[in-house]
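Here the structure comes first, spelled out in structure tokens, and everything after it is commentary.
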Amino acid sequence: MNKTISDFWQDHSQHYLEMAFRVDRREVVSNPDGYGKKTGDCGDTVEFFLTIKDDIIESVSFMINGCMNTNAAANTVAHLVEGKNIDEAWEMKPEDIADYLETLTEEHFHCAELAAGALYLALANYRELKKAPWKKAYSK
């Protein structure tokens, strides 16, 4: 077996591998309760679509244009905030994402920052739409 491939599987945690390869949350949601899109300096982009009821995040879906590390970070955000209330979701930090993944390298920590930033934008959008519900019809 190719040493590089073998090293990849051995060098990453189970959480990292699960989140890096998981694709079931990749979905564009029409008329989400909260939407956020952020592009990082590296060129990767994360879009989050939140479905929220009574200030509880029922589901998080996303689209990315980026690397495996960005996919892992976006999946981790979804995993960690689903079922949480809005205030708890605002407490999510890039360090929480990296801690959950266990083996996200320091050189890819910006992927966790990117995913957290897109989440904050989606949460801010939810707050804005909650104050002015008529805007939802005109948002993504």
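Listing for the model above:
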| quantity | calculated |
| --- | --- |
| Breaking point among (1) farther than 20 Å from E128 by Cβ; (2) surrounded by fewer than 14 Cβ atoms within 10 Å (Cβ to Cβ), for E58 | (1) |
| One residue from T76, T103 being within 20 Å of L17 (Cβ to Cβ) and either among the charged types (D, E, K, R) or surrounded by fewer than 18 Cβ atoms within 10 Å (Cβ to Cβ) (or both) | T103 |
| Residues of segment 46-59 classified as touching a residue at least 60 places away in the same chain (Cβ under 8 Å) and among the β-branched types (V, I, T), total | 2 |
| Some residue of segment 64-72 being touching a residue at least 60 places away in the same chain (Cβ under 8 Å), surrounded by fewer than 19 Cβ atoms within 10 Å (Cβ to Cβ) and not in a loop (DSSP other than H, G, I, E, B) | no |
| Conditions (1) in a helix (DSSP H, G or I); (2) among the polar types (S, T, N, Q); (3) free of Cβ contacts under 8 Å to residues at least 40 places away in the same chain; (4) under 30 Å from K130 (Cβ atoms): number failed by Q10 | (4) |
| Count of segment 79-121 residues which are touching a residue at least 40 places away in the same chain (Cβ under 8 Å) and out of contact with any helix residue (DSSP H, G or I) (no Cβ under 9 Å at 6 or more places or on another chain) | 1 |
| Lone unmet requirement of (1) among the charged types (D, E, K, R); (2) touching a strand residue (DSSP E or B) at 6+ places or on another chain (Cβ under 8 Å); (3) under 24 Å from K130 (Cβ atoms) for D44 | (3) |
| Tally of residues being more than 23 Å from H110 (Cβ to Cβ), among the hydrophobic types (A, V, I, L, M, F, W, C) and open to solvent by 60 Å² or more (accessible area, probe 1.4 Å) across segment 2-55 | 3 |
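The values are calculated or read from the model by the stated rules, or taken from the named source; none is laboratory data. Owing to the predicted nature of the structure, the values given are computational and were not obtained by experimental measurement. We place every Cβ from the backbone using ideal geometry, glycine too, and count neighbours over all the protein chains shown. These accessible areas exclude ligands, DNA and RNA; they are computed on the full protein's heavy atoms, side chains included. Shrake-Rupley method; radii C 1.70, N 1.55, O 1.52, S 1.80 Å.
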